[in-house]
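First comes the structure, then the notes that go with it.
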Amino acid sequence: MSLLDKFSAFARLRDELLQHGTLPFGVVTERILSPTEGIVQGRRTILAGTNNYLGLTFAPECIEAGRNALTEEGTGTTGSRMANGTYAAHAALEKDLAEFFGREYALVFTTGFLATMGMVSSLAGREDVLLIDADSHASIYDGCRLSGAEVIRFRHNDPADLEKRLRRLGDRSRNTLVVAEGLYSMLGDQSPLADIVAIKDEYGACLLLDEAHSMGVFGNGGRGLAEALDLEDRIDFVVGTFSKSLGSIGGFCVSNLPELELVRMTARSYIFTASPTPSVVASTRAALGLIRQRPELRDKLWDNSRRLYDGLTRAGFRLGPQPGPVVAVFVDDTTKAVSWWHQLLDEGIYVNLVIPPATPSTSCLLRCSMSAAHTTEQVDRIIGAFASLLSERRAAGTAV
Amino acid sequence: MATYDDCLKLVRQILGEHLEPGQTAGEKDALAGDLGLGSLQMLELVVEVEDALDISLPLNQLPELQTVGDFARMLVTVTGESGA
């Protein structure tokens, strides 16, 4: 077996997928028109798989802030936060984030992935334990690998299993970092956070909560699931991303624990990469202001999300367990999932195709994410396009 | 601390619930290659064994599990360390 033989399985998969036409994992948006529309394969297409929850990518305030920063501060920092890459705007964004979350300390990373990976790998060391939800994001798993800590999974969203595993650790539970996500990105299900917090407190463990998909989505202030459930004071570390509700790119961690400041000297993903560009920082600061100023965006996001979830349920699809901005449609057969994904694209609807092992089950997913910027007509078009998939099967006499 | 034979018996018993009717798990059978376990089935198998012995297996060690016998040997080590 040679060095490159490991790629042959991926080559086969790619070639199989290409037989249907466009590679679902290599879609090019030829021209982006708005937060919810683009030109794909020469066709005006509704974008329903972008995680652009509040639709802020074209917010005039964010564009103007980014444009000004680009003009005044240049295209990039060319350096690490630890060296020349911290401008006044980076420090100001950290201050903004600390204020937004009502925390003492905030740290900005270059991407959300790097933030989560950096925090997990820095907080836990060789003598410690990482207790993570089995459906955790890849950035959490990669952080676990880098940490050198003992890594134990608990069953997805199962507080009883978490409790059992903390009990088994005995005194080591006090050297344990529990990691959970506010909203899980594949199925759109929410963490049973109140139970998780109660259990980690009982055993003296720390909790890191990833609000990547829940910031801007939950809570009257848009601070995430912890705010919505009135649990913020009991969460030790919150990580998140700028690339979803905030419409730019980057990541962060906030905490009341002063050790967070020292992570600047320990997280490899903070130290050994260039800092976010000035225009990104400026756009992000503007978007953070909009989350506060425009709570109606959250209302519209939830209206759209419920409309899509209810519409697809009525049409007969099996969906993720809870309505929310991520609406996952289960499709048991890979060939059917790929075919349906192409039919939707032909109808001018882009969603995410997710196939095992990237899914948390043996099923494929046609994963939709809603935006506050989707119009009701666009949501209805998405529902209609999905419904036509089933009606075609019924007309052909095939079981759903 | 459980013996190797105890652990092997437990793994084979729990594995039996995941295999096709009539299929049995031998000591040298590869969990993925011979018995056809996918990643989700492996996760379920591990959880059931953990619950049976009231232990948690570190994720870091799971890639070492190639065969039924590997699994039993790891359980001997872990139960010895935990006093289970």
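Bear in mind that the values in this text are calculations on the coordinates, not laboratory data. The structure presented is a predicted model; accordingly, all values stated were derived computationally and were not measured. Quick reminder, even Gly has a Cβ in these numbers, built from the backbone with ideal geometry, and neighbours come from all protein chains shown.
Could you rank the peptides A:361-372, B:66-77, A:289-300, A:245-256 by their average count of other C-beta atoms within 10 Å per residue, with the highest value first? Mind dumping the intermediate values first?
Numbers: A:361-372: 23.6, B:66-77: 19.1, A:289-300: 16.0, A:245-256: 25.2.
Most protected by this proxy first, the peptides run A:245-256, A:361-372, B:66-77, A:289-300.
In degrees between 0 and 90, to the nearest 10, how far off the longest principal axis of chain B does helix B:68-82 point, with axes built from Cα atoms?
Roughly 20 degrees, rounded to the nearest 10.
Averaged over its residues, how many other protein chain Cβ atoms are within 10 Å of peptide B:52-59's Cβ atoms?
5
Hey, got a sec? Which trypsin sites (Lys or Arg not before Pro) in the stretch A:84-190 land in a DSSP loop and have at most 14 other Cβ atoms within 10 Å?
A:Arg126
How far is helix A:278-293 tilted off the main Cα axis of chain A, in degrees rounded to 10, range 0 to 90?
Helix A:278-293 and the main axis of chain A meet at about 80 degrees.
What is chain A's relative contact order, in percent, from Cα pairs under 8 angstrom and six or more apart in sequence?
Numbers: 802 pairs, mean separation 89.6, N = 400.
Relative CO of chain A lands at 22 percent.
Could I have the simple spin-label model distance between A:Thr29 and A:Ser391, label points 7 Å from Cα toward Cβ, reported in nm to one decimal?
So the label points at A:Thr29 and A:Ser391 sit 2.9 nm apart.
Along the Cα→Cβ direction, 7 angstrom out, place labels at A:Gln343 and A:Arg67. What is the inter-label distance in nm?
4.4 nm
Calculate for chain A the 222 nm mean residue ellipticity that helices alone would give, adding -39,500 (n - 2.57) per DSSP H run of length 4 or more and normalising by residue count, nearest 500 deg cm²/dmol.
On the way: 14 runs with 163 residues, N = 400.
The helix-only estimate for chain A comes to -12500 deg cm²/dmol at 222 nm.
Run through the stretch A:8-45 and list the GluC sites (Glu not before Pro) located in a DSSP loop whose Cβ has at most 14 other Cβ atoms within 10 Å.
none
What fraction of the DSSP beta bridges in the protein assembly as shown is antiparallel, stated in percent and rounded to the nearest 5?
60 percent
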